[in-house]
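Accompanying notes for the structure given below.
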Amino acid sequence: MSRQPTYKVSALTQGTVLDHLRARSALRALRVLRLPPDTTIMVGVNLPSKRHERKDLIKIEGYELTQEEAAKVALISPDATLSIIREYDVVQKTELTLPVTFRGLIRCVNPSCIVHEERVPGLFRVEGNDPVSVRCEYCETSFAEEFFEFL
Amino acid sequence: MVSNSDFVGRDIISVGDFGREELLFLLDAADRFESETRPLLAGKVAAALFFEPSTRTRLSFESAMGRLGGCCIGFAEGGVSSQAKGETLADTVRVVEGYGDLILIRHPREGSARLAAEFAGVPVVNCGDGAHQHPTQTFVDLYTMRRECKRLDGLHVVFVGDLRYGRTVHSLVTTLGHFDARLTLVSPSFLRLPKELRRELQEREVDFTEAQKVEPVIADADVIYVTRIQRERFTDPLEFEKAKDAFRIDNTMLHKAQPGVAILHPLPRVNEIPPEVDSHPHAAYFRQAHYGVAVRKAILGLLLGQAGEDTA
């Protein structure tokens, strides 16, 4: 009898599930989210996926991501799904998408950009999806996700 | 179809905001405004916020405003503004918009003009934001090429000198992509056009080649655009001495060029064009500086709702 591999991860009582994250993006997403240090987090990396060949998965117990945090994850892994769990039930499921433009979230990579001197959040236009890349609307510098410094 | 109303109240921040038809419309307006002497901008005030020194840009804007009957107020170096006291640019702009009908800004930080435009209720013209953009210089360069070569499409333009740090070159090479230009980029290897810009030219299918010597590539040039190589870019003074001679245009070299070749330079020049070239009939760099007034008259007129057309 052949045995199918299974991945045993406890179901959440309440919290957030990030599924269909791009393979090997979960640890970067967690670094960016800077969750409270005592948060229970389960992470799956390089799991088999029907949608893509491989995917990552994050389950966060007892913590619901804010819109801003979800927007940051979208910049690392667009197309991921975000589910909010309450009493074991999925009460909200969202497919993350890249915005056309967005304010804040990251710093402009150009040290000469005016936003580093003024008290205004950066303004960015998304240019690419894979890898994610943006263009600063002020200094027009383009840069890819590997150079994103999240706020 | 571009019309005057496309320019009224508009900000001029980056050449990337302008398509081919808008650029041609602006150049046509400059032709009209060159001889315009009516006080079309009487009672109008341009507020010039020059946080960095400028000679040609500031004076040609002041001249343009004065020739159209308006006036310029402002400062010519950052140390005298409230920014020296810690005021943000956004606050400076919100104050100054009450003093002028239009803001001219030069600032060392990249993106500063776009930010100023976001906070200002009057049009903002970028007169240079760090190494980023200097769109009115690009308009002047295009205008000069069209005036000197009697056309703008299909020109072979040879750029010579520092192509890495020169913002005038960066804006111009991408803009020439609208006009089916062929570009030859001549520079020392470490002062090549930046990689991102070369990629952009490739993506936009602009015909360009790179070279390290001027003489072999100028035979069929329509325009030679020379820029200054700055000593401070070199770590080895000997390398600078070699480069400043290798990327220089002189009369001997120009004998190998077409008789009608136009020689442009955004100025100031140092060694790269010796004074002997000044008498060459197509040494156009001083005319280029003078065309700046016509182009800037057109910009001021259009933004403030005056087309410069004969209304008689």
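The values are calculated or read from the model by the stated rules, or taken from the named source; none is laboratory data. Remember, predicted model here, so these are calculated numbers, not experimental data. All Cβ positions, glycine included, derive from the backbone under ideal geometry; neighbour counts span all protein chains shown. Please note that ligands, DNA and RNA were not included when accessible areas were found on the heavy atoms of the full protein model with its side chains. Shrake-Rupley method; radii C 1.70, N 1.55, O 1.52, S 1.80 Å.
Give all pairs with beta carbons closer than 6 Å in which a residue from segment B:89-106 that is farther than 15 Å from residue A:114 by Cβ meets a residue that is at pLDDT below 95 and not in a strand (DSSP E or B); count only pairs at least 6 apart in sequence or on separate chains.
Qualifying pairs under 6 Å: none.
Can you pull out the residues in segment B:12-39 that are assigned to a loop (DSSP other than H, G, I, E, B), in contact (Cβ under 8 Å) with a residue 40 or more places away in the chain and within 15 Å of residue B:293 (Cα to Cα)? Even if it seems obvious, please write down each step before you answer.
Residues of segment B:12-39 assigned to a loop (DSSP other than H, G, I, E, B): B:13-14, B:18-19, B:35-39.
Now drop any that are not in contact (Cβ under 8 Å) with a residue 40 or more places away in the chain, which leaves B:13-14, B:18-19, B:36.
Of everything in segment B:12-39, just one residue is assigned to a loop (DSSP other than H, G, I, E, B), in contact (Cβ under 8 Å) with a residue 40 or more places away in the chain and within 15 Å of residue B:293 (Cα to Cα), namely B:36.
Can you pull out the strands (runs of 3 or more DSSP E) entirely within segment B:148-257 that have at least 3 residues that are open to solvent by less than 40 Å² (accessible area, probe 1.4 Å) and touching a strand residue (DSSP E or B) at 6+ places or on another chain (Cβ under 9 Å)?
Working: elements: B:156-160, B:182-186, B:207-211, B:223-226.
Counting at least 3 such residues, we get B:156-160, B:182-186, B:223-226.
Scan segment B:111-135 for residues that are open to solvent by less than 50 Å² (accessible area, probe 1.4 Å) and at pLDDT 95 or above and report the count.
Initial filter on segment B:111-135 (open to solvent by less than 50 Å² (accessible area, probe 1.4 Å)): B:111-113, B:115-117, B:120, B:122-130, B:132-135.
Imposing the further condition that a residue be at pLDDT 95 or above reduces the set to B:111-113, B:115-117, B:120, B:122-127, B:135.
Number satisfying all stated conditions: 14.
Would you pick out the residues in segment B:78-110 that are within 10 Å of another protein chain (Cβ to nearest Cβ) and open to solvent by less than 10 Å² (accessible area, probe 1.4 Å)?
Applying the first criterion (within 10 Å of another protein chain (Cβ to nearest Cβ)) to segment B:78-110 yields B:83, B:88-91, B:107-110.
Matches in segment B:78-110: B:89, B:90, B:107.
So which residues in segment B:258-277 are surrounded by 12 or more Cβ atoms within 10 Å (Cβ to Cβ) and not in a loop (DSSP other than H, G, I, E, B), if there are any at all?
B:262, B:263, B:264, B:276, B:277
Tell me, which strands (runs of 3 or more DSSP E) wholly within segment A:98-151 include 2 or more residues that are touching a residue at least 24 places away in the same chain (Cβ under 8 Å), open to solvent by 30 Å² or more (accessible area, probe 1.4 Å) and more than 8 Å from every other protein chain (Cβ to nearest Cβ)? Please lay out each step first, then the result.
Working: elements: A:101-103, A:123-129, A:132-136, A:142-144.
Output list reads A:123-129.
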